[in-house]
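Here is the structure we will look at, set down as structure tokens.
The values are calculated or read from the model by the stated rules, or taken from the named source; none is laboratory data. Bear in mind that the values here come from a model prediction, so they are computed numbers and not experimental data. Cβ placement follows ideal geometry from the backbone for every residue including glycine, while neighbour counts extend to all protein chains displayed.
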Amino acid sequence: MTAQPATPLLDTVQTPRELRALKPAQLRQLADELRAETIAAVGQTGGHLGSGLGVVELTVALHYVFDTPADRLVWDVGHQAYPHKILTGRRDRIRTLRQGGGLSGFTKRSESEYDPFGTAHSSTSISAALGFAVANKIKGVPGRGIAVIGDGAMSAGMAYEAMNNAAEAGNLLIVILNDNDMSIAPPVGGLSAYLAKLVSSRPFLSLRDLARKISRRLPEPLHKAARKTDEFARGMAMGGTLFEELGMYYVGPVDGHNLDQLIPVLENVRDAAEGPCLIHVVTKKGKGYAPAEEADDKYHGVQKFNVVTGEQAKAPAGPPSYTGVFAKALIAEAEADPTICAITAAMPSGTGLDKFATLFPERSFDVGIAEQHAVTFAAGLAAQGMRPFCAIYSTFLQRAFDQVVHDVAIQNLPVRFAIDRAGLVGADGATHAGSFDVTYLATLPNMVVMAAADEAELVHMTHTAARHDSGPIAFRYPRGNGVGVPLPETPELLEIGKGRIVREGTKVAILSLGTRLGEALKAADTLEAKGLSTTVADLRFAKPLDTALIRRLMLSHEVVVTVEEGSIGGLGAHVLTMASDEGLTDAGLKIRTMRLPDVFQDHDKPELQYDQAGLNAPQIVDTVLKALRHNSTGMEEAWA
């Protein structure tokens, strides 16, 4: 008889409960199957690949050693959590990742009890895990808070703020530092593994605590000498002095792909730690998949791809991306102006500043995941006569709002904010949507806020920002490709606070801000076909408003509709305030504002997201017709 192939171990593991029933010798096979399943799934859906491949063994080990979900496992950012999702009851849906109605590309509380905390922005995990740990300490229950944080996320001050308060949790807090670039310290073979096991054991931790207690009773000179000797020894052996000074027991470095090393260390910490502990685990991004290991970005984010060859699906040829247009425009400005410099926060390729850095390395700064520092650093540059462009995604600029207010706007410093990923962003969903920047920036005195309707307008706005020295200025633009308009050979210097009429009419006025202009023009075509003469204006500026243009259109049209790719409180609110202040609504003018709904929209294709938000041409037409029906009897039939 022909022997039947063995059932894959992964098929027997629906949740970590089944995983914990396996023998240690079986875990290597499970990890290999988990890596293959992750590659196969992301090959079909696209998404974040390299980071998840780097933590396959760590994911298996954590769920094997700890009692999840009672032990609360928080993945920083969460883009590395695809293997975690497969092991926690979601394997049957893993090929819906980042698709409409499917699994999120990040951890999400509503998805699973194994996702205790929603993540997507960096450096939040230690604070959240500390919260879980302290809550359990207060309640007298044993569950731990476990944070898995990458070395890149350690560049954000929030991680250190959390560790500075970690002592509150006692031994209920464990931090796993996933060092996937070997940026802190590489493992050094068997000696490193031996030391990690030794210093995570109960005898060593107890001895260290005893030594500390004894040293405190010594005369001050001897106490200081003992402390310095302990610090020196730990620094020589492990490099963990900084973390220890913050109150964390440091263990490592540990090879994050060697389960025989990793599991004993985790078990020691689980059973023997006397206080909050940081385990330094070294991994390789893209581990186990040659195309990812060989790529410069380790396949951080990928399109759908051929699993055998690694070749990614190519997007159809089309207009240049807004990011690329901005990068090219900024380079042109910098070639003519040596005071122009550029700052990004760990997103050089995402913002296009990698191209700028190649040409102007001395004027390009990647500050890491530190948006607060980026903004105040830019403010210092501006105060010293430079012309800084701070290029940050809309969703990440939220993290630096206080610095925008306190360090830039109040001092009226000419920092230029290039806001990428404005509006809805598709598969990354609510955590990455650029929904709020117009609202939170246009409320600030001294701030100028622009929104590009197309790629040519983005060139003009980059040029205008470069020449604007009288205060802070921001311009926003979306993810993805432009609409295909020709790029200007010579950029135009826009007059601050002045919009433009794109199409002139007499009855309906559509005031557009940003890239909904194309949908506004389509709506105007439909309205014209119904006999409704329509004006379309590209306001360009959310602040200051073009009050003269808006006033003229309000006084000469029956219905005015504002359209924007942002939340309530943005352009529409400012237009309504102006109309109210000037009494323009007293004569029966109908004003309607169209904006993103007051919800956090789930991930989907951008065009479907905008349809769900009600910001496409048919909804604009419907808004106009409903407004007119309030004015006239019988018009519903006439315009049906």
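When region 255-272 is filtered for residues that are under 31 Å from the mean Cα position of the chain (by Cα) and either under 20 Å from ALA133 (Cβ atoms) or modelled with pLDDT under 90 (or both), only LEU266 remains. Every condition in (1) in the same structural domain as ARG421 (by TED's automatic domain parsing); (2) touching a strand residue (DSSP E or B) at 6+ places or on another chain (Cβ under 9 Å) is met by GLY505 except one, and the failing one is (1). Apart from one condition, ALA31 fits all of (1) within 22 Å of HIS257 (Cβ to Cβ); (2) crowded, with 24+ Cβ neighbours inside 10 Å; the exception is (2).
With the condition kept exactly as written, say whether any residue in region 52-64 is more than 22 Å from ALA430 (Cα to Cα), assigned to a loop (DSSP other than H, G, I, E, B) and in contact with an Asp or Glu (Cβ under 6 Å, 6 or more places away or on another chain). Looking through region 52-64, none of the residues is more than 22 Å from ALA430 (Cα to Cα), assigned to a loop (DSSP other than H, G, I, E, B) and in contact with an Asp or Glu (Cβ under 6 Å, 6 or more places away or on another chain).
The residues of region 331-374 that are at positive phi and surrounded by 19 or more Cβ atoms within 10 Å (Cβ to Cβ), listed by number, are ALA346, GLY352. Here GLY102 does not qualify as outside any helix (DSSP H, G or I) and either assigned by TED's automatic domain parsing to the domain that holds ASP428 or within 24 Å of PHE396 (Cβ to Cβ) (or both).
Annotation note: of ILE174, ILE138, the sole residue that is over 16 Å from ARG399 (Cα atoms), in the same structural domain as LEU242 (by TED's automatic domain parsing), in contact (Cβ under 8 Å) with a residue 40 or more places away in the chain and of a type outside the set (Asp, Glu) is ILE174. Scoring THR431 on the criteria (1) at pLDDT 95 or above; (2) polar (S, T, N, Q); (3) within 27 Å of GLY105 (Cβ to Cβ) leaves a single failure, condition (1). In the set (1) within 20 Å of GLY614 (Cα to Cα); (2) touching a helix residue (DSSP H, G or I) at 6+ places or on another chain (Cβ under 8 Å), VAL502 fails one condition alone, (1). What number of residues within region 273-304 are over 23 Å from the mean Cα position of the chain (by Cα), surrounded by 16 or more Cβ atoms within 10 Å (Cβ to Cβ), farther than 24 Å from ALA159 by Cα and not acidic (Asp, Glu)? Adding up the residues that qualify gives 4.
Would you check if THR7 is out of contact with any Phe, Trp or Tyr (no Cβ under 7 Å at 6 or more places or on another chain) and among the β-branched types (Val, Ile, Thr)? For THR7, the condition - out of contact with any Phe, Trp or Tyr (no Cβ under 7 Å at 6 or more places or on another chain) and among the β-branched types (Val, Ile, Thr) - is met.
Results for (1) surrounded by fewer than 20 Cβ atoms within 10 Å (Cβ to Cβ); (2) modelled with pLDDT under 95; (3) of a type in the set (A, V, I, L, M, F, W, C), shown as yes or no for each residue.
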position: ASP454; (1), (2), (3): no, no, no
position: LEU458; (1), (2), (3): no, no, yes
position: GLY480; (1), (2), (3): yes, yes, no
position: PRO488; (1), (2), (3): yes, no, no
position: ILE496; (1), (2), (3): yes, no, yes
position: ILE501; (1), (2), (3): yes, no, yes
position: THR506; (1), (2), (3): yes, no, no
position: ILE510; (1), (2), (3): no, no, yes
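Under the condition of being in contact (Cβ under 8 Å) with a residue 24 or more places away in the chain, out of contact with any helix residue (DSSP H, G or I) (no Cβ under 8 Å at 6 or more places or on another chain) and surrounded by fewer than 24 Cβ atoms within 10 Å (Cβ to Cβ), the residues counted in region 34-68 number 3.
For region 271-319, a tally of residues being farther than 30 Å from ALA451 by Cα and outside any helix (DSSP H, G or I) returns 32. Of the residues THR462, THR431, the single one that is touching a Leu at 6+ places or on another chain (Cβ under 9 Å), among the polar types (S, T, N, Q) and assigned to a helix (DSSP H, G or I) is THR462.
Let's see how each residue does on (1) more than 24 Å from LYS304 (Cβ to Cβ); (2) out of contact with any Leu (no Cβ under 8 Å at 6 or more places or on another chain); (3) modelled with pLDDT of 95 or more:
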position	(1), (2), (3)
ARG17	yes, yes, yes
ARG28	yes, no, yes
VAL42	no, no, no
THR45	no, no, no
GLY50	no, yes, no
VAL56	no, no, yes
VAL77	no, yes, no
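Just to be sure before I move on: is GLY505 assigned to a loop (DSSP other than H, G, I, E, B), of a type in the set (Gly, Ala, Ser) and closer than 26 Å to THR623 by Cβ in the structure I sent? Here the answer is yes, as GLY505 does meet what is asked. Exactly one residue out of ARG516, ARG552, ARG540 is of a type outside the set (Ser, Thr, Tyr) and either over 30 Å from the mean Cα position of the chain (by Cα) or surrounded by fewer than 24 Cβ atoms within 10 Å (Cβ to Cβ) (or both): that is ARG552.
For THR515, the conditions (1) free of Cβ contacts under 8 Å to residues at least 40 places away in the same chain; (2) under 20 Å from ASN616 (Cα atoms); (3) of a type in the set (Ser, Thr, Tyr) are fulfilled apart from (1). With respect to the conditions (1) on the phi < 0 side of the Ramachandran plot; (2) assigned to a helix (DSSP H, G or I), GLY170 lacks only one, and its number is (1).
In region 410-426, the residues that are outside the structural domain of TYR440 (by TED's automatic domain parsing) form no Cβ pair under 8 Å with any partner that is part of a loop (DSSP other than H, G, I, E, B) and β-branched (Val, Ile, Thr), whether six or more places apart or across chains.
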